[in-house]
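Heads up: the structure comes next, in structure tokens.
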Amino acid sequence: MAYAYQTEETQCGLFFTHAKRFENDVFMRAKLKNGAPCSEWIDITWGRAADEARGLGAGLIKTGIEKNDRIGLFAHNRPRWVICDQAIQGAGGIGVPIYPTSTDAQLAFILNDCGAKAIIAGDMDLMDQAFRVKAQVPSLEFIVCMSPVNNPPDTCVIDYDHLMQKGAASSSAIGEFEKRRKALKSSDTGAIIYTSGTTGNPKGVVLSHANFAAQTDVLMSTPLLQKIIERGIRLESLSFLPLCHIMGRTTDYHLQMAIGTTINFAQSIKTIQQDLLDVRPNILLSIPRLYEKIYEAVRLHGQKLTGAKKKAFDWAMAVGDQASDHLIAGKPMPPALGIKFAIANARVYDKIRKVIGFDRLVVAGSGGAALPKEITKFFRSMNITITEGYGLTETTSAITSNSPVFVDPLPDKWIYKKALEWLVDTMIVLQGSGQCPFKTFKGTMKMMVVSKLISPRFIIKPGCVGRPCKDTEIKIAEDGEVLVKGPQVFSLETGYFNQKEKTREEFTEDGFFKTGDIGELDEDGMLRITDRKKSLLVTSGGKNIAPQPIEMALIMDMYIDQACVIGDGRNYLTALIVPQFDLLKELARQKGISHNGNADLIRSPEILSFFQERVDHVNENLARYEQIKKFRLLPGAFSEETGELTPTQKMKRKVIYEKYDNEINALYQ
């Protein structure tokens, strides 16, 4: 049986097909009512979303949008982001997502670069910002605001509801919208998504509907997701990754639309802890930092326990550590360990899942950076498998995935087929309803069979980003750069918007895209990314060193929030370190260290000695030339606002080197 995501050529086609099928089911939910914040979660059905997209798209047509006109989408995650994107696609326009954290200069650059005819802003503040830069963008004709606008500053500003009602009232515009959306082809441009710009101005990546369809097919190709859609299991997700980023768009939007998921939109990254408890999602896609924060919080909680609770916690952690080793290696657990693992989950890990809002979680993903092995093992102990992937904007997100895939096809025997069904029964249906599979004898027995027959046939390797995805070819260049070819990779013909020469530079003569990342393939065909090609440090002694693994080792320490390793052209490595100040201040209180703020605290000899011990511990596992010889503590975190991070939280090393030039030079005196 073919499903809609396989038969529809475009994401717009998939949306309207599913809207007809699931018309009265809840598609999206957020603490927003008519575009304005509220205290309750408000449901939007598939049918209502489709009606709004149709009316809004017709309104865009009435306002003059023609085929291939570019429209900026400048908003935080919310249901109307998705509805506007579908309206733009259906009207034949091209959506250009823009980070809502962009400065005026960044916003104006992207609007000018793509020649935007219109921009849709998420709220009044973003609408004011768009209006502020309008004079710098000659192509920009009108601004739409998703939130209610009572007193528009100019006639070029249009309220979302007004534009939607204007379109819905015009039968000719509705007819034209339907004609345009049904005429969309896979070769048409689906969106222009700008890169994060770690080394300069961002570039507009032109992605076709075929790219998006190929990526959805890639993400849907795992055995568990196939079983979910085959059995018609409906799940709920929590979306907080920016939809303007390729990972957020393809996983929190396109993938959920393909499955038929209810998408819950987090209020913001600052409220994610409460949103997790409110929603208790079945599906969560995140960057590693969220999982790291949870891991750190659980470890800190365990350190504060005493007596019997401390013994029970430590015992469960030790059992989980042993069990996860077997699960990750694809080895059946000895019966005695299996029983201990069941008890640890029922009595300890189940409580942890409930406290963090993970008690219904069945599908978890991580991307944007490597996930440390300790984090992977910890969540496997809680019966949660975090899938890692690797990709770029130019590859429409994933080109590899560490999702559970069978090493070899399952034997064509009744017991294996039954075990696969039991895997779905326990890990998806039972756990997805908030019940611990290990709390009943029946659930435990099913899990034991799954562990014996199914788990050993899955490959999941911590530290790797997985095997090449479906129909994707990967090879490693002589200098270690990862090269890729596949249906999800952007086209050499369209490439970067208005940058044909730059596009040609990014492809090899035989048509492989140069990712700019350094990596290696292991004996199982698993890809391991070691660093960005442009981030490699070459010491004065000629040693090539990848800073990212060293930085990751540093931030795995619960007292270190951020780290930037330095050493290019120098004779040894140093590091700028940002402490976890909440924990550090508590430590200072316990030790009786008085201070007058962060800057004063990090100058304390006792604190410097404390961090020296932590750096020394990291150095123990590094080659001599990779070790951090000196470090400098910083009083404040790197951030997007202060310029050191991109919107996707990647470090702008050049900016950091320039901003902290004096501090860095002092480390080499």
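The values are calculated or read from the model by the stated rules, or taken from the named source; none is laboratory data. Bear in mind the structure is a predicted one, so any value in this text is a computation, not a measurement. With ideal geometry, Cβ positions are generated from the backbone for all residues, glycine too; neighbour counts draw on all protein chains shown. SASA here: full protein model, heavy atoms, side chains in, ligands and nucleic acids out. Shrake-Rupley method; radii C 1.70, N 1.55, O 1.52, S 1.80 Å.
Numerical summary
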quantity: Distance violations [Cα-Cα > 22 Å] among Lys67/Lys179; Lys311/Lys373; Lys117/Lys652; Lys475/Lys650; Lys340/Lys452; calculated: Lys311/Lys373; Lys117/Lys652; Lys475/Lys650
quantity: Within the chain, percent of DSSP bridges classed antiparallel, to nearest 5; calculated: 55 percent
quantity: Per-peptide average of other Cβ atoms within 10 Å, ordering 620-629, 67-76, 439-448 highest first; calculated: 67-76, 439-448, 620-629
quantity: DSSP beta bridge pairing in region 515-669, given as percent antiparallel to the nearest 5; calculated: 75 percent
quantity: Cα gyration tensor category, rounded, prolate or oblate, for region 518-588 with a/c compared to 1.5; calculated: oblate
quantity: Cα gyration tensor, region 142-269 - rounded (a/c under 1.5), prolate or oblate; calculated: prolate
quantity: Solution diffusion estimate, µm²/s, Stokes-Einstein, region 577-669, Kirkwood Rh from C-alpha pairs, 37 °C, viscosity 0.692 mPa s; calculated: 220 µm²/s
quantity: Sum of side-chain charges, Gly432 neighbourhood, beta-carbon under 13 Å (Lys, Arg +1; Asp, Glu -1); calculated: +3
quantity: Accessible surface of the chain, 1.4 Å probe, proportion on carbon and sulfur as whole %; calculated: 51 percent
quantity: Paramagnetic reach from His301 in region 333-365 [backbone N under 12 Å; point 7 Å along Cα→Cβ]; calculated: 348-359
quantity: Virtual spin-label span in nm between Glu9 and His162, 7 Å along Cα→Cβ; calculated: 3.7 nm
quantity: Entries in Lys270/Lys585; Lys20/Lys500; Lys33/Lys203 that, when Cα-Cα distance is taken, lie over 30 Å; calculated: Lys20/Lys500; Lys33/Lys203
quantity: By accessible area with a 1.4 Å probe, ligands and nucleic acids excluded, highest first: order of Lys591, Lys654; calculated: Lys654, Lys591
quantity: Accessible area expressed per residue, the chain, with surrounding protein chains retained (probe 1.4 Å, Å²); calculated: 42 Å²
quantity: Sorted peptide list for 500-506, 282-288, 324-330, 120-126, criterion being average Cβ within 10 angstrom, highest first; calculated: 282-288, 120-126, 324-330, 500-506
quantity: Neighbourhood net charge (14 Å Cβ-Cβ; Lys/Arg +1, Asp/Glu -1) for Arg624; calculated: -1
quantity: When the convex hull of its Cα atoms is projected in every direction, mean area for region 241-349 (nm²); calculated: 9.2 nm²
quantity: Prolate/oblate/rounded label for region 1-85 (Cα gyration tensor, a/c 1.5); calculated: oblate
quantity: Mean separation of Cα contacts under 8 Å, 6 or more apart, over the residue count of region 363-506: relative contact order %; calculated: 25 percent
quantity: Average Cα contact separation per residue, the chain, under 8 Å, 6 or more apart, as relative contact order %; calculated: 10 percent
quantity: Helical mean residue ellipticity (222 nm; -39500 (n - 2.57) per DSSP H run of 4+; nearest 500) of the chain; calculated: -12000 deg cm²/dmol
quantity: Spin-label pair Lys417/Met556, simplified geometry with 7 Å Cα→Cβ offset, distance in nm; calculated: 4.3 nm
quantity: Ranked by how many other beta carbons lie within 10 Å on average, peptides 179-185, 96-102 from highest; calculated: 96-102, 179-185
quantity: Kirkwood Rh in Å, taken over all unlike Cα pairs in region 387-477; calculated: 15.1 Å
